[in-house]
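Asker: Dumping the structure here so I can ask a few things about it.
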Amino acid sequence: MSFNAVETTSTVQAVALEKAFRLLNHGPTVLVTSAHHGHSNVMAAAWNMPLDFNPARLAIVIDKKTFTRDLIEASGTFAINIPCRAQADMVVKVGSSSGRELLGKSPSNKFEAFDLHTFPTTHIAAPLLAGCVAWLECRIIPEPHMQQTYDLFIAEVIAAYADNRVFSEGRWHFDDHDDLRTLHHVAGGFFFTPGTGIST
């Protein structure tokens, strides 16, 4: 296990599922991990949103051309990993490459190609990425028309976790942890991070 994996695992805490939507509702760029029959992949996605909080549900757009789409449709599950400022370069690399193009080669997937460290999920096959600040394990709620027409997947969150240095008691708090601020993609490889929190 790498240093990053050890550090991440030691600060991971469970998040109540009725609060899981709060991990997403500030609009971060996410990394979607997927796995099926010995294959795994990770891709970046900026179009995601919470839909409900009890039960916790979310929506995410996954393009038909992606290898991730193949894996999540086959497995019925995926994980959302919420990366931080310290991982910006990695997010761009992951989002600019195709997992399908690595099949049958060495390295055989993006995890190996970019030396990404992971730790296991609780309920699904897809791995979780070390160094991120929140994670959601998701099970697809089949909506074939939405999936085929709009590339839109609706999923139930069946487990959620967050780094307690920046998310606790149901809210984000990034003060004194600039490298752990979430990433928000605008366009053309440009990101911003959240500013100072304001309590009212």
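The values are calculated or read from the model by the stated rules, or taken from the named source; none is laboratory data. Quick caveat: nothing in here was measured; it's all calculated off a predicted structure. Neighbour counts are summed over all protein chains in view; Cβ atoms, including those assigned to glycine, are modelled from backbone coordinates with ideal geometry. Protein only, heavy atoms only, side chains kept; ligands, DNA and RNA dropped before computing areas. Shrake-Rupley method; radii C 1.70, N 1.55, O 1.52, S 1.80 Å.
Asker: Could you tell me how many of the residues in region 68-90 are under 21 Å from Thr149 (Cβ atoms) and either surrounded by fewer than 23 Cβ atoms within 10 Å (Cβ to Cβ) or free of Cβ contacts under 8 Å to residues at least 60 places away in the same chain (or both)?
Answerer: Within region 68-90, residues that are under 21 Å from Thr149 (Cβ atoms) and either surrounded by fewer than 23 Cβ atoms within 10 Å (Cβ to Cβ) or free of Cβ contacts under 8 Å to residues at least 60 places away in the same chain (or both) number 7.
Asker: Which ones in region 27-36 are modelled with pLDDT of 95 or more and open to solvent by 10 Å² or more (accessible area, probe 1.4 Å)?
Answerer: Ala35, His36, listed by residue number.
Asker: Which residues, counting only those in region 1-26, are assigned to a loop (DSSP other than H, G, I, E, B), surrounded by 15 or more Cβ atoms within 10 Å (Cβ to Cβ) and at pLDDT below 85?
Answerer: Within region 1-26, Leu24 is the sole residue that qualifies.
Asker: Being touching a Phe, Trp or Tyr at 6+ places or on another chain (Cβ under 8 Å) and hydrophobic (A, V, I, L, M, F, W, C) is true for just one of Ala86, Ala113, Ala160. Which residue is that?
Answerer: Residue meeting the stated conditions: Ala160.
Asker: Quick check: is even one residue across region 59-70 under 22 Å from Glu169 (Cα atoms) and of a type outside the set (A, V, I, L, M)?
Answerer: Scanning region 59-70 turns up no residue that is under 22 Å from Glu169 (Cα atoms) and of a type outside the set (A, V, I, L, M).
Asker: Within region 92-103, can one find any residue that is closer than 13 Å to Ala130 by Cα, open to solvent by 20 Å² or more (accessible area, probe 1.4 Å) and either modelled with pLDDT of 95 or more or not in a loop (DSSP other than H, G, I, E, B) (or both)?
Answerer: No, region 92-103 contains no residue that is closer than 13 Å to Ala130 by Cα, open to solvent by 20 Å² or more (accessible area, probe 1.4 Å) and either modelled with pLDDT of 95 or more or not in a loop (DSSP other than H, G, I, E, B) (or both).
Asker: Continuing with the same structure: Among the residues of region 165-200, which ones are among the aliphatic types (A, V, I, L, M) and either surrounded by fewer than 16 Cβ atoms within 10 Å (Cβ to Cβ) or more than 19 Å from the chain's Cα centre (by Cα) (or both)?
Answerer: Of everything in region 165-200, those that are among the aliphatic types (A, V, I, L, M) and either surrounded by fewer than 16 Cβ atoms within 10 Å (Cβ to Cβ) or more than 19 Å from the chain's Cα centre (by Cα) (or both) turn out to be Val186, Ala187, Ile198.
Asker: Counting just the residues of region 53-63 that are farther than 17 Å from Leu129 by Cβ and part of a strand (DSSP E or B), which one comes out most open to solvent (accessible area, probe 1.4 Å)?
Answerer: Phe53
Asker: Does region 40-52 contain any residue that is outside any strand (DSSP E or B), within 18 Å of Phe191 (Cα to Cα) and touching a residue at least 24 places away in the same chain (Cβ under 8 Å)?
Answerer: The answer is yes, given that some residue of region 40-52 is outside any strand (DSSP E or B), within 18 Å of Phe191 (Cα to Cα) and touching a residue at least 24 places away in the same chain (Cβ under 8 Å).
Asker: Of the numbered conditions (1) farther than 16 Å from Thr11 by Cα; (2) open to solvent by 50 Å² or more (accessible area, probe 1.4 Å); (3) in contact (Cβ under 8 Å) with a residue 40 or more places away in the chain; (4) over 15 Å from the mean Cα position of the chain (by Cα), Leu152 satisfies every one except a single condition; which is it?
Answerer: (2)
Asker: Considering (1) over 28 Å from Glu18 (Cβ atoms); (2) touching a Lys or Arg at 6+ places or on another chain (Cβ under 8 Å); (3) of a type in the set (A, V, I, L, M), say which one Leu51 fails and leave the rest.
Answerer: (1)
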